[in-house]
Amino acid sequence: MEPLITVKGAAAAMPVPHIDTDVIMPKQFLKGIDREGLGQKAFFDQRFDEQRRPRPEFILNQAPWADVRFLVVGPNFGCGSSREHAVWGLMQMGVRALIGTSFAGIFNDNCQRNGLLTVTLRPKEIAGLTEYAGDPKRNVLALDLAAQTITAEVAGAVYRFEIDKRRKDALMLGLDAIGETLQDAGSIRDFEKGRRAAYPWL
Amino acid sequence: MASTPRTLYDKLVDANTVKRLEGGEQILLYIDRTVLNEYTSPQAFSGLREAGRKVWRPEANLCVVDHVNPTAPQRTTHIDDGEAAAQVAYFGRNAKDFGLEIFDTLDPRQGIEHVVMTELGLVLPGMVVAAGDSHTTTYGALGALGFGIGTSDIEHYLATQTLVYKRLKTMRVTVSGNLGAGMTAKDIVMALIAKIGADGAVGYAIEFAGSAISDLGVAGRMTICNMAVECGARGAIVAPDQKVYDYLKGTERAPKGALWDQALAYWQTLKSDEGAVFDQEVALDANAIQPQVTWGTSPDQAVEIGASVPDPTTETDPVRRAGMERALAYMGLQPGTRMEEIRIDHAFIGSCTNARIDDLRDAASIVRGRRVATGVRAIIVPGSTAVRRAAEAEGLDKVFLEAGFEWRQSGCSMCLAMNDDVLEPGERCASSTNRNFEGRQGTGARTHLMSPAMVAAAAISGHLADVRKFDRS
Ligand code: SF4
């Protein structure tokens, strides 16, 4: 996993609730056996019409938002299916952080495992960021993960966010989670032995 | 000193905690078992291969082909779509190379993963099961903690038998009273989702309790725990009772003999302690629940069948209003239209939510002696090959076929339309599934969620219909 430390770039706003993973990565693109080629597929059905022409009304098809690093999203972003393809697609599209009031559980974990930061802020703060993201003159944001801040540079607004220390370290160091856990292989084995002795039918 | 009363969820998590991890709120959680499917697992196996890692405990895994296989009435392994065929082939190779049990398309035990796991007795009370599918919450109906994970976590689980886990908050949903005639578990859970919202239980594990839950059979409880993920719950449990023990007793893989007695003694202890405090309490009155049906593109956009399509201008929250407007445009509906006037092109009874034998019996009681309306394509996809056999033994296949339904083989099918069961843009479907998301059943396709009996009533009527207006036989 690539370390995530600082990011600067454009933001786009998607201020509707419950944007689900079927919308983020439609099922016709889940048939691979690798992670490749998903960047062009994210939001496919919203991005293209039936003749595969870009829909001009879709935000990421408009020039100021064609290459964004941040999405400012509505509540419960990433709900629905567990498909990690949604996260792979967003990252391959260049997105490094999602900012919203809440994220769905499985999706949030999937983001963490891939180095895509999810930042949770209060509704008022999200309303502010949504406004900046919607204005091409003010939509550049800067993330400083060490300082736990998002800065809307032109607007001059700084937002501090909370993050679990372990999550933060994993993102900043780009750790291999399995390698980390396998350092505890002994404890897992002991636990397993005890569990099977106590509950022999398992 | 007496210990603090604990919820059942906390007991299950405590019992499977290997250790607390430093520097945060996370723990290392031991996972007792999983089920794998062909579409969320390939990259996990590739990860193991690249790192030269083995599967920690091969016997704790079952592989089931269910998402991409065809469900044509005549069983076939042929898949036109080359990519889907490659997924199934790679799945088979992974099972073989890593030594895991697999049910492929032709296996008489094949079916939708969650239906297969439960009907075989592979999920037992007290277990912690994580799997690469969000509807793993289904297993809570048996008193197990089940939750969905992504592909990276599948790989982590396969290599270590554990997950890095953060404890959830707890919510108790008490459903008191009695369900009215014609109402089902699906109506309870849809009413809950409409009440608390599609994010109402984000960050929570739900325990379902109350007389209306005890009255349900195990299959109904599975419907409820299954769909609890649609309000964001990452775990949904019902304390096990005699109905659960009776259900498990007849299954192939449940413990037998002395082990059964020992297990049963333990299972009987699995309940929240008296006085255990939940972070949130929600109450529902079963007597007040009416047949539910969705009008929008999020599972919480549901109303009673007798109601009309709601008007976004009455919604004061701007984000919610934007969501409603978008949903109505996608669904091609006008505010004020009576739900019962909405005509359908398709009727689908299937999925891990509602395609067990109980569901098929319920739907058949509406269908018997009637005909599918002209212009409606109606299909039944049993939850598993075993369910299909059981239904045929009772003659349910004939009931459906005589009425004009297609009687198909098992798989996920039109629940997510990854195989060739796909709707065309603009087509409208009454569906016993769990998600009415944009594009879920096909790009541009429109889904209305409801109970299987309500789907049957819609198929016969040609439009959404109130199941209570039908005599049953
Ligand atoms: S039936 Fe639907 S919800 Fe259930 S596992 Fe299959 S695709 Fe997922």
Cα lying deepest toward the dipole's positive end in region A:54-167, options A:72, A:82, A:128, charges on Cβ: A:82
Under 18 Å by backbone N from the virtual spin label 7 Å along Cα-to-Cβ at residue B:215, the residues of region B:259-303 are B:283-292
Ratio for region A:24-132, C-alpha Rg to 2.2 N^0.38 Å, reads 1.06
Row for region B:389-473, column shape: gyration tensor on C-alpha, a ≥ b ≥ c, rounded if a/c < 1.5 i.e. under 1.5, prolate if a/b over b/c, else oblate; value oblate
Tensor-based shape of region A:1-45 (alpha-carbon gyration tensor, a/c under 1.5 rounded, otherwise prolate or oblate): oblate
In sequence order, what are the phi-derived ³J(HN,Hα) couplings for region A:60-72 according to the Karplus relation 6.51 cos²θ - 1.76 cosθ + 1.60 with θ = phi - 60°, rounded to whole Hz, with x for glycine and proline? 6, 8, 9, 3, x, 10, 6, 9, 10, 9, 10, 10, 9
Would you mind putting B:320-328, A:21-29 in packing order, based on average other-beta-carbon counts within 10 Å, highest first? A:21-29, B:320-328
The ³J(HN,Hα) series, computed from each phi in region A:173-181 with the Karplus coefficients 6.51, -1.76 and 1.60 at θ = phi - 60°, rounded to the nearest Hz and given as x for glycine or proline, is 9, x, 5, 7, 4, 5, x, 4, 5
Calculated over chain B: convex hull of Cα atoms, volume per residue (Å³): 156
Positive-end residue of B:346, A:194, B:258, charge dipole of the protein assembly as shown with Cβ unit charges: A:194
Virtual paramagnetic centre 7 Å along Cα→Cβ of residue A:173, amide N under 20 Å, in region B:19-56: B:19-29
With +1 on each Lys and Arg Cβ and -1 on each Asp and Glu Cβ, and nothing else charged, work out how big the dipole of region B:229-283 is about its Cα centre, in Debye to the nearest 20. 340
Per-residue HN-Hα couplings for region B:20-37 [Karplus 6.51, -1.76, 1.60; θ = phi - 60°; Hz; x = Gly/Pro]: 7, 8, 6, x, x, 9, 8, 10, 9, 9, 7, 10, 6, 6, 9, 10, 10, 10
Take every Cα-Cα pair in region B:81-150 and report what % of them are more than 21 Å apart. 35
I need the shape label for region B:1-104. Rule: rounded when a/c is under 1.5, else prolate if a/b > b/c, else oblate, with a, b, c from the alpha carbon gyration tensor. prolate
For region A:91-202, take the alpha-carbon Rg, divide it by the Kirkwood Rh, and send me Rg/Rh. 1.16
Of the candidates B:439, B:463, B:415, the farthest towards the positive dipole end of region B:362-473 (Lys/Arg Cβ +1, Asp/Glu Cβ -1, centred on the Cα centre) is B:463
FRET efficiency, 1/(1 + (r/R0)^6) with R0 56 Å, evaluated for residue B:398 and residue A:124 via beta carbons: 0.40
Run the dipole for chain B about the Cα centre, Lys and Arg Cβ at +1, Asp and Glu Cβ at -1, nothing else charged, and hand back the magnitude in debye, nearest 20. 460
Relative to the Cα centre, what is the charge dipole magnitude of the protein assembly as shown, using +1 at the beta carbon of each Lys and Arg, -1 at the beta carbon of each Asp and Glu, and rounding to the nearest 20 debye? 400
Which whole number in µm²/s is D for region B:150-284 by Stokes-Einstein, with the Kirkwood Rh taken over Cα pairs at 10 °C and 1.306 mPa s? 96
With a Förster distance of 41 angstrom and the Cβ-Cβ distance between residue B:181 and residue A:193, calculated FRET efficiency to the nearest 0.05 equals 0.20
Rounded to whole Å and sorted largest first, list the principal axis extents of the Cα atoms in region B:319-473. 50, 33, 25
Please give the average number of partner chain Cβ atoms lying within 10 Å of the Cβ of each residue in B:47-54, rounded to a whole number. 1
Using 1/(1 + (r/R0)^6) with R0 = 35 angstrom and r between the beta carbons of residue B:72 and residue B:51, what's the FRET efficiency to the nearest 0.05? 0.35
Tell me which residues come under 5 Å, amide H to amide H, from residue B:377 once H is placed; ignore anything under 5 positions away on its chain. B:346, B:347
Solvent accessible area, Å² - residue B:3, 1.4 Å probe, full protein context: 100
What residues have an amide H closer than 5 Å to that of residue B:63, excluding those fewer than 5 places away on the same chain, when H is modeled at 1.01 Å from N in the peptide plane? B:36, B:101, B:102, B:103
Can you tell me how much longer the chain between residue B:314 and residue B:274 gets when fully stretched, taken as 0.36 nm per residue apart minus their C-alpha distance, in nm with one decimal? 10.1 nm
Rolling a 1.4 angstrom probe over the protein chains, ignoring ligands and nucleic acids, what is the accessible area of residue B:463 in square angstrom, nearest 10? 50
Beta carbons within 10 angstrom, averaged per residue: use that to sort the peptides B:263-273, B:345-355, A:189-199, highest first. B:345-355, B:263-273, A:189-199
Approximate spin-label separation residue B:89-residue B:322, in nm, with each point projected 7 Å along Cα-to-Cβ: 4.5
At 25 °C in a medium of viscosity 0.890 mPa s, the protein assembly as shown has a Stokes-Einstein diffusion coefficient, with Rh taken as the Kirkwood radius over alpha carbon pairs, in µm² per second, of 97
Could you list, in their original order, any pairs among A:27/B:398; A:193/B:186; A:41/B:186; A:41/B:96; A:193/B:11; A:168/A:193 whose Cα atoms are separated by more than 29 Å? A:27/B:398; A:193/B:186; A:41/B:186; A:41/B:96; A:168/A:193
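The values are calculated or read from the model by the stated rules, or taken from the named source; none is laboratory data. In this text, all values refer to a predicted model and were calculated from it rather than measured experimentally. Ideal geometry is used to build each Cβ from the backbone, glycine not excepted, and the neighbour counts take in all protein chains shown. When the accessible area is computed, the model is the full protein with side chains, heavy atoms only, and any ligands, DNA or RNA have been set aside. Shrake-Rupley method; radii C 1.70, N 1.55, O 1.52, S 1.80 Å.
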